[in-house]
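Have a look at the structure below before the remarks.
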Amino acid sequence: MIVGCLSFAVAASGCGPVMYMVNLSGAQHAVEEARQAGAPQRAAYEYHYALEHLRKAQEFAGTAEYQDAVDMASVAEDYGNRARDLARGGAHAPAR
């Protein structure tokens, strides 16, 4: 029983960095797509909001605050997608 608990604790402690990396990848992709679509000029608010959340996610990960990093990366991905859609002329982009 003790061995099972210890192995669960070790496995669970490794989830934070994995979840962060998954979310970070999506966020980086969304922000890059937005940049390529011209979002810095056409959807400046959404683009810079996404970019700053991406930077903050990286900062949190640097101090092993993985849940905060995951949260920031999630917001970055959402706003990166919004910025991309607005930059491409998507009138159906969600409201702020």
Next item on the list: Give me a count of the residues in the stretch 51-70 that are outside any helix (DSSP H, G or I) and small (Gly, Ala, Ser).
Entry: 1
Note to self: With the structure loaded, tell me whether His29 is out of contact with any helix residue (DSSP H, G or I) (no Cβ under 7 Å at 6 or more places or on another chain), at pLDDT 95 or above and in a helix (DSSP H, G or I) or whether it fails that test.
What the structure shows: yes
Notebook entry, point to check: In this structure, is Tyr79 modelled with pLDDT under 95, out of contact with any Lys or Arg (no Cβ under 7 Å at 6 or more places or on another chain) and among the aromatic types (Phe, Trp, Tyr)?
Noted result: no
Next item on the list: Being closer than 30 Å to Cys15 by Cβ, among the charged types (D, E, K, R), surrounded by 14 or more Cβ atoms within 10 Å (Cβ to Cβ) and without any contact (Cβ under 8 Å) to a residue 40 or more places away in the chain narrows it down to one of Glu77, Glu33, Glu52, so name that one.
Entry: Glu52
Notebook entry, point to check: surrounded by 15 or more Cβ atoms within 10 Å (Cβ to Cβ), of a type in the set (A, V, I, L, M) and in contact with a Phe, Trp or Tyr (Cβ under 6 Å, 6 or more places away or on another chain), is that true of Ala57?
Noted result: no
Checklist line | Residues of the stretch 55-94 that turn out to be under 9 Å from the mean Cα position of the chain (by Cα) and among the hydrophobic types (A, V, I, L, M, F, W, C), as a count | finding: 7
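The values are calculated or read from the model by the stated rules, or taken from the named source; none is laboratory data. What you are looking at is a predicted structure, and each value in this text was computed from that prediction instead of being measured. In this analysis, Cβ positions are derived from the backbone assuming ideal geometry, glycine residues included, and neighbour counts consider all displayed protein chains.
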